[in-house]
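Note sheet for the following structure.
The values are calculated or read from the model by the stated rules, or taken from the named source; none is laboratory data. Computed from a predicted model, the values in this text were never measured in an experiment. Virtual Cβ from ideal backbone geometry, glycine too; neighbours counted across all protein chains shown. Side chains are part of the model used for accessible areas, which takes the heavy atoms of the whole protein and leaves out ligands, DNA and RNA. Shrake-Rupley method; radii C 1.70, N 1.55, O 1.52, S 1.80 Å.
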Amino acid sequence: MAASETPGWPLAEDAPDTADLAKCVHCGLCVNACPTYAITGLEVESPRGRIHLARAVAEERIPLTEAVQGHWELCLQCRACEAVCPSGVPYGRIMERARAQLDAAPPSKGWERRLRRFALRNVIARPRVLAALLAPVRWFARSPLRGLLRRSGVLRFTGPLGRLEAQLGRPGRPYRPRDNAGDGDVALFTGCVMSELFGDAHRASMRVLERSGARAFAPRGQGCCGALSAHDGDLAQARRLARANIATFEASGAETIVVNSAGCGAAMKEYGELLAGDPDSADRAEAMAARVIDFSEYLAGRDLPAGRLEGRIAYQDACHLAHAQGISAEPRALLGALDGCELVETEGADMCCGAAGIYSLIQPAMSGELRARKAAQFREHKPDVIVTANPGCQMQYEAAVREAGIEARVLHLAEALDSE
Ligand code: SF4
Ligand code: SF4
């Protein structure tokens, strides 16, 4: 898009598309689906309000002030609004591009943004650095020291570290692509944090895929999908990561790429959009996106022998599965086929839990409000097992279970289906 078409935006190249913004007819049908509107009751914290602000900036009716930036940064990018919009407003794309502008706008929280950017580029996107950093976290999660610190109450005073501790489950061994670089027809995407802290979910995914008849493998060389960077407005980094994954999965020869993390799957299905206009990668990105399929979507069309899981199961939709990919019936059907279980529907199961990538770290107040809503539902329904399909959500539910004061296990969908 030419700079002249987007006079109010500091970074014209990645500015929200005028045509995308113009699709919004301000009907307000999205407003009640929005978690931040549900909590605040404020129009500026609703999808319609945020689009209104973006249009006003684009048309130079208002400057890109700190207040405007704050309204966009409070958005969870859960895309619940997009799923219910009758006009097809691509809200996720608009918000990624609106956030891309913030680097060039007067910095309200400049150092925080720079620190975040540094961590996303130099830790999350580097498998060896990430592995080195998370090894002590895994040790701590299973050590007696953790219980001691919890009982002492000292974690309440450690800010983000205490919040992270509350979200930690009991991670098993990592599952890295180099552990399984054979061949087959179905490639499992293993991601970044998920392969380090949710190795059990990947191992369960492999077993379930194989039980369904797939020849599954995890190609070497894959890495972060880029979703966290894209949501943070770092589209250049998201594109770099997408290109690297495209090369890896092309070389793998796999016909199908199964993704068991909702956020990664949504991002990878949109690689074509992310790299549109890139002369070397646009077609390859479209081709890769067409090969990506969510774990439950893949299994829904196959003959999976039923496992067994005793107890009451509360399935919680991951936003990027339900809203961005339109997949909510498949996981429930797969869980419903398990022997011994009773599926319990909780109110607001499809509303964002407040994890939203790194949102729980940078917007703890809003994230906490949303987690408390989930905790209240868990307290009321007392499920034995809470199942979801995204690692960030799993972490948020670990904290919600503690907050609710109930005994419940939090499992990835693959772990639930792997139960016998
Ligand atoms: S985003 Fe869609 S649903 Fe929301 S106000 Fe605009 S047109 Fe209506
Ligand atoms: S993405 Fe989620 S939080 Fe953001 S405006 Fe839409 S519904 Fe609200």
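Only one of (1) within 16 Å of ligand 1 (Cβ to nearest atom); (2) surrounded by fewer than 18 Cβ atoms within 10 Å (Cβ to Cβ); (3) of a type outside the set (Lys, Arg) fails for Pro63. Which number is that?
Pro63 satisfies all of (1) within 16 Å of ligand 1 (Cβ to nearest atom); (2) surrounded by fewer than 18 Cβ atoms within 10 Å (Cβ to Cβ); (3) of a type outside the set (Lys, Arg) except (1).
What pairs come out if I take residues in region 17-42 that are within 10 Å of ligand 2 (Cβ to nearest atom) and pair them with residues that are open to solvent by 20 Å² or more (accessible area, probe 1.4 Å) and of a type outside the set (Ser, Thr, Tyr) whose C-beta lies under 7 Å away, six or more apart or interchain?
Once the first residue is within 10 Å of ligand 2 (Cβ to nearest atom) and sits in region 17-42, its partners that are open to solvent by 20 Å² or more (accessible area, probe 1.4 Å) and of a type outside the set (Ser, Thr, Tyr) give Cys30/Arg48; Cys30/Val84; Cys30/Cys85; Val31/Arg48; Ala33/Val84; Pro35/Met351; Thr36/Leu74; Ile39/Glu369.
Please enumerate the residues belonging to region 379-392 that are surrounded by 23 or more Cβ atoms within 10 Å (Cβ to Cβ) and in contact with a strand residue (DSSP E or B) (Cβ under 9 Å, 6 or more places away or on another chain).
Pro383, Ile386, Val387, Thr388, Ala389, Asn390, Pro391 - these are the residues of region 379-392 that are surrounded by 23 or more Cβ atoms within 10 Å (Cβ to Cβ) and in contact with a strand residue (DSSP E or B) (Cβ under 9 Å, 6 or more places away or on another chain).
State which residue pairs qualify: first residue at positive phi and inside region 299-316, second residue part of a strand (DSSP E or B) and surrounded by fewer than 15 Cβ atoms within 10 Å (Cβ to Cβ) in any location, beta carbons under 8 Å apart, and separation of 6 or more residues or different chains.
Listed pairs, sorted by first residue: Gly311/Gly340; Gly311/Glu342.
Going through region 86-138 one residue at a time, which ones are charged (D, E, K, R) and closer than 30 Å to Ala22 by Cβ?
Across region 86-138, the qualifying residues are Arg93, Glu96, Arg97, Arg99, Asp103, Arg113.
Kindly provide the set of residues from region 66-97 that are closer than 19 Å to Lys269 by Cβ, more than 10 Å from ligand 2 (Cβ to nearest atom) and open to solvent by 30 Å² or more (accessible area, probe 1.4 Å), ordered by number.
Passing the criteria: Gly88, Arg93, Glu96, Arg97.
Are any residues in region 339-350 at pLDDT 95 or above and either at positive phi or crowded, with 22+ Cβ neighbours inside 10 Å (or both), and if so, which ones?
Matches in region 339-350: Gly348 only.
Just one of (1) within 19 Å of Ser212 (Cβ to Cβ); (2) among the small types (Gly, Ala, Ser); (3) open to solvent by 60 Å² or more (accessible area, probe 1.4 Å) trips up Ala365, so point out which.
Going through (1) within 19 Å of Ser212 (Cβ to Cβ); (2) among the small types (Gly, Ala, Ser); (3) open to solvent by 60 Å² or more (accessible area, probe 1.4 Å) one by one, Ala365 breaks only (1).
Identify the single condition in (1) within 15 Å of ligand 1 (Cβ to nearest atom); (2) small (Gly, Ala, Ser); (3) free of Cβ contacts under 8 Å to residues at least 60 places away in the same chain that Gly110 does not satisfy, given that it satisfies every other one.
So Gly110 meets the others, but not (1).
Identify all residues within region 151-167 that are in a helix (DSSP H, G or I) and over 28 Å from the mean Cα position of the chain (by Cα); write none if there are none.
Arg151, Ser152, Val154 - these are the residues of region 151-167 that are in a helix (DSSP H, G or I) and over 28 Å from the mean Cα position of the chain (by Cα).
In this structure, is Ser328 modelled with pLDDT under 95 and of a type in the set (S, T, N, Q)?
When the stated conditions are applied, Ser328 does not pass them.
I'm trying to understand the selection: among the residues of region 312-347, which are of a type in the set (S, T, N, Q) and closer than 21 Å to Arg371 by Cβ?
Gln316, Ser328, Thr346
Out of the residues in region 318-337 that are within 17 Å of the chain's Cα centre (by Cα) and open to solvent by 10 Å² or more (accessible area, probe 1.4 Å), which is nearest to Asp303 (Cα to Cα)?
Ser328
Among the residues of region 141-150, which ones are in a helix (DSSP H, G or I), open to solvent by less than 40 Å² (accessible area, probe 1.4 Å) and out of contact with any Gly (no Cβ under 8 Å at 6 or more places or on another chain)?
Within region 141-150, Arg146, Gly147 qualify.
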